[in-house]
1. Using Cα Rg over 2.2 N^0.38 Å as the read-out, say which of [x] 2.00; [y] 1.57; [z] 0.95 was calculated from these coordinates.
2. For residue 13 and residue 57 in one chain, what is 0.36 nm times their gap in residues minus the Cα-Cα distance, to one decimal in nm?
3. For the chain, give the share of DSSP beta bridges that are antiparallel, in percent and rounded to the nearest 5; count only bridges with both residues there.
4. Do the sum for the chain: with -39,500 (n - 2.57) for every DSSP H run of n ≥ 4, divided by all residues, what is the mean residue ellipticity at 222 nm, to the nearest 500 deg cm²/dmol?
5. So how strong a dipole does the chain carry about its Cα centre when Lys and Arg Cβ are +1 and Asp and Glu Cβ are -1, to the nearest 20 debye?
6. Note down the relative contact order for the chain as a percent, whole number, built from C-alpha pairs under 8 angstrom at least six residues apart.
7. So for the chain, taking the charge dipole from beta-carbon charges (+1 Lys/Arg, -1 Asp/Glu), which of 35, 22, 78 sits furthest toward the positive end?
8. For the residues 4, 18, what sequence is obtained by ranking on other C-beta atoms within 10 Å, fewest first?
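Laboratory data are not the source of any read-out in this text; all were calculated from the coordinates shown. Only a predicted model underlies this, so the values are computations on that prediction, with no experimental measurement involved. Here the Cβ positions follow ideal geometry from the backbone for every residue, glycine too, while neighbour counts run over all protein chains shown.
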Amino acid sequence: MRKTIGVIGAGSFGTVLTGLLVGNGGRALVHDRDAELVERLARDGENPRYLPGYRMEGRPEAAGTLGALCRESDIIYV
């Protein structure tokens, strides 16, 4: 059974951590107070604000709310 990993924060550390998770075939949910940035991560696999040029091999899922991320995640990184 594949675990769902929640990542709170879409800064440079959260972006790299998420990229490692999805690049290794994991399911990652991301939440940040900047919903537009999280949607861009989910859609494009890139964070132009904090890590321009870093492209994820997979795509994370955007968690609409912090509560949703907590309910759906087996493990949470802050």
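1. [z]
2. That works out to 14.2 nm of additional length.
3. Antiparallel: roughly 15 percent of the beta bridges in the chain.
4. Counting only the DSSP helices, I get -11000 deg cm²/dmol.
5. 140 debye
6. Numbers: 149 pairs, mean separation 32.1, N = 78.
Taking the mean separation of contacting Cα pairs over the length of the chain, I get 41 percent.
7. 22
8. By the 10 Å Cβ count, ascending, the order reads 4, 18.
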